[in-house]
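Just below is one structure, and these are the notes that go with it.
All of the numbers you see were taken from the coordinates with simple rules; none came from a lab. All figures in this text were calculated on a predicted structure; none of them were measured in a lab. Glycine also receives a Cβ, built like all others from the backbone with ideal geometry; neighbour counts cover every protein chain displayed.
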Amino acid sequence: MNDEGLADVEAASPFRFIRTSPAGLGVLAIVTGAGAGLAALVFRSLIRWFTALLSGHPDYGAAGHAPNPWVPWLGPWFVVLAPAVAGLLYGPLIYRYAREAAGQRHTGSPSSSMTGARPSASTGPTATATP
């Protein structure tokens, strides 16, 4: 053990430089920023690719009232039915696998954002100071 309480193996680690020096933290910040920028570019490319794949146009909003080439028989109803079908697919997935992403459920109890707005039995008695 060294005088910092760390194991000697950890003290000899090549990553110690990154954690303990300002230059190492700077390098870590640059690598993290570059990774986040690259992830943003990949995400944007995926949006463009899926837009072209699913709508048949590189920019469906700029295409005006053009019919979707994959389902031309829907005509302008594609704009209404595509999000509705996506919601019908997405809803059960959220319900099954990510209930915390489903939003606020109203169960009859006050929401957490309203806790301080009005007194209730759950907050307990409030003490007031008298002058």
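Full extension of the chain between Leu88 and Leu74 gives 3.2 nm of extra length, using 0.36 nm per residue less the Cα-Cα distance.
Once the Cα-Cα distance is subtracted from the 0.36 nm per residue extended length, the Leu81 to Phe17 segment shows a gain of 17.5 nm.
Note down the net charge around Pro58, summing +1 for each Lys or Arg and -1 for each Asp or Glu among other residues with Cβ under 14 Å from its Cβ. Residues close to Pro58 contribute a combined charge of +1.
Given axes a ≥ b ≥ c from the Cα gyration tensor, I'd like to know whether the stretch 13-95 is rounded (a/c under 1.5), prolate (a/b larger than b/c) or oblate.
On the way: a/c = 5.54, a/b = 2.72, b/c = 2.04.
It comes out prolate by the Cα gyration axes.
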